[in-house]
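The values are calculated or read from the model by the stated rules, or taken from the named source; none is laboratory data. Every value quoted in this text rests on a predicted model; they were computed, and no experiment measured them. Glycine also receives a Cβ, built like all others from the backbone with ideal geometry; neighbour counts cover every protein chain displayed.
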Amino acid sequence: MSKSTPHAHAISDAALADMQHHADPLADKTIADILGDWPAGDVAVDAPQWARIDTVNRLFGQWADNATLVGWTAQGEGVDAAMADALNYYVQTAQVLPDWADARKIERAEKLFMEHGALSCILLFCASLPECYVIPDLSSVLHTSGQLEQNAEYRIRSTAAMIFPVMMHGGLSHRGAGVAQVLKVRLIHATIRNLILHGSPQSAVAQLLAGGTGNIAPQALLTQGGRQAMFQTLYARGWNLKGNGLPCNQEELAYTLLTFGYVFLRSLRKLGIGLRTADEEAYLHAWNVVGHVLGIDRSLMVDTMDQGEALMARMQARGRAEPINPDPRPALGQALMQTMEKALPWSIVKPFPQLMTRYLCGRATANDLGLTQPVPWLSALLFWGVLLLARAVDAVVRLAMPRFSIVRALTRVLGYHFMSRVLMSQTRPLQLPTELLNQVDNVVHSWSDDPQAPGWLNRMEDRLTTHGSWSKGLGTTAQTERAARAQQPK
């Protein structure tokens, strides 16, 4: 990495504020070239843009892994020259890793994910995602699309469908599939911006700077249902560019990146199972490489935990300074908590997700998300009693056994139930290619026993989870279901 590369801790408040009006020129131009100019006024359900969005979704479904991207070209039904040129240039340009990427740090981060993967689910549910929805403008977009309130599990599985391929062994190399999955997400972000702004974000900002109002007027809501309903809702919502900046702007993307890297590591520290400084920085580095592929500016990335803490505090302070009305965050927080509660098999522990989120994220975030309701006293007593006792036992036993942790085992138990019922459901598998689902299944199988725990602790964990393998053969199940659907008469 060049010594002249700017760092997030050095970015000024003015430059950070300016990032709200910057997005992703490469992905935005790709979508703008594909969709063309939107018609004035209300848009009909048969407008050509809707069919072109469907075609793009079908095309990037071909990106099964990173190797597929090499030499890939857009072709087939509905693909014209403009779409082919735009997508081909995007794929060949965006798949290249930055010259500052360190393969050894990335490999170390992958190993850390494998070692902590089972408990990472609870950190995703109870820390990363809750912190992600603190920023009101970011939550507003999700509120409009209904991704958490009406379909919380879909949103969670979509996030996991990116995290697993990225962090599995070789995920960012030619052997993996992480880059392919990130490039899909990047195009989805650009599509959201184009829909909300009714065109290119760069054009919208230029008009604002030229003296425009920056207001995108709400449109009459279209009536076509199905998979286009979310796109149509986003198009119709309206937007205040001057007050809210661009949707999915650079600051918001960088903030989301912090929740996957910095917040994950901060949560491990809070649970008393934090990593060495070098390991933390390797993990942050891997996510910075992901951020580059996602189109995030290098000046908004952090290399250390101290930088992460400072930047997140600044971003949250900015987001909280101008709350929106009505506030979408409590509804989003409740939807997330309810999804987790449904995954837990015992009534007494169903309040644990809310209690864990309060513990990992702190009072301010809990207030933002409306997670301040009282919980049954017996559940609260059990949660805090077990957590404090486990932390105390860990502190003593680790004097002789440095890798021992009851807290780790307990969070693995909760993580297993969330993962098995939400992420690894055989009836709703992750939206990944069959081969990649099989790889995820193998990873989950490797998490069935904790190699850092003594045998008796693994046996106790089995009683609270399941005996034998945690994997469910998702790849085979999905392949069978797809074959069955293909044979059904159309």
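If you take the residues in the stretch 23-41 that are touching a residue at least 40 places away in the same chain (Cβ under 8 Å) and of a type in the set (A, V, I, L, M), which one is farthest from Ala81 (Cα to Cα)? For the stretch 23-41, the residue satisfying everything is Ala23.
Residues in the stretch 248-271: is at least one on the phi > 0 side of the Ramachandran plot and either more than 22 Å from the chain's Cα centre (by Cα) or in a helix (DSSP H, G or I) (or both)? Among the residues of the stretch 248-271, not one is on the phi > 0 side of the Ramachandran plot and either more than 22 Å from the chain's Cα centre (by Cα) or in a helix (DSSP H, G or I) (or both), which makes the answer no. Per this entry, Asp279 is not counted among residues that are among the acidic types (Asp, Glu) and more than 23 Å from Met114 (Cβ to Cβ). Screening the stretch 355-376 for residues that are assigned to a helix (DSSP H, G or I) and within 19 Å of the chain's Cα centre (by Cα) and picking the one that is nearest to Ser267 (Cα to Cα) gives Leu360. For the stretch 311-328, the criterion of being closer than 29 Å to Ala409 by Cβ, of a type outside the set (Lys, Arg), outside the structural domain of Asp102 (by TED's automatic domain parsing) and modelled with pLDDT under 95 is met by none of the residues.
Checking the structure you have, find out if any residue of the stretch 410-425 is of a type in the set (D, E, K, R), outside the structural domain of Cys121 (by TED's automatic domain parsing), more than 23 Å from the chain's Cα centre (by Cα) and in a helix (DSSP H, G or I). Checked against the condition, which is being of a type in the set (D, E, K, R), outside the structural domain of Cys121 (by TED's automatic domain parsing), more than 23 Å from the chain's Cα centre (by Cα) and in a helix (DSSP H, G or I), the stretch 410-425 yields no hits at all.
To keep it simple, each residue is scored yes or no on (1) under 30 Å from Thr93 (Cα atoms); (2) in a loop (DSSP other than H, G, I, E, B).
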residue	(1), (2)
His292	yes, no
Gly295	yes, yes
Asp303	yes, yes
Asp306	no, no
Ala310	no, no
Gly319	no, no
Pro330	no, no
Thr339	no, no
Pro353	no, no
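Could you go through the stretch 248-260 and let me know if any residue there is in contact with an Asp or Glu (Cβ under 7 Å, 6 or more places away or on another chain), farther than 16 Å from Trp38 by Cβ, assigned by TED's automatic domain parsing to the domain that holds Ile31 and among the β-branched types (Val, Ile, Thr). Yes, the stretch 248-260 contains at least one residue that is in contact with an Asp or Glu (Cβ under 7 Å, 6 or more places away or on another chain), farther than 16 Å from Trp38 by Cβ, assigned by TED's automatic domain parsing to the domain that holds Ile31 and among the β-branched types (Val, Ile, Thr). Can you confirm whether Gly170 is at positive phi and either modelled with pLDDT under 90 or not in a helix (DSSP H, G or I) (or both)? Here the answer is yes, as Gly170 does meet what is asked. Among the residues of the stretch 88-107, some residue qualifies, meaning at least one is surrounded by fewer than 18 Cβ atoms within 10 Å (Cβ to Cβ), closer than 30 Å to Thr277 by Cα and of a type in the set (Val, Ile, Thr).
Let's see how each residue does on (1) at positive phi; (2) under 22 Å from the mean Cα position of the chain (by Cα); (3) modelled with pLDDT of 90 or more:
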position: Met19; (1), (2), (3): no, yes, yes
position: Ala32; (1), (2), (3): no, no, yes
position: Leu35; (1), (2), (3): no, no, yes
position: Ala47; (1), (2), (3): no, no, no
position: Arg52; (1), (2), (3): no, no, yes
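For the stretch 299-339, the candidate set comprises residues that are of a type in the set (Val, Ile, Thr) and within 19 Å of the chain's Cα centre (by Cα); within that set, the residue that is farthest from Ser267 (Cα to Cα) is Thr339. When Gln207 is tested against (1) assigned to a helix (DSSP H, G or I); (2) crowded, with 16+ Cβ neighbours inside 10 Å, only condition (2) is not met.
Scanning the stretch 83-104 for residues that are closer than 16 Å to Leu187 by Cα and in contact (Cβ under 8 Å) with a residue 24 or more places away in the chain turns up Met83, Asp85, Ala86, Leu87, Tyr89, Tyr90, Val91, Thr93, Ala94, Gln95.
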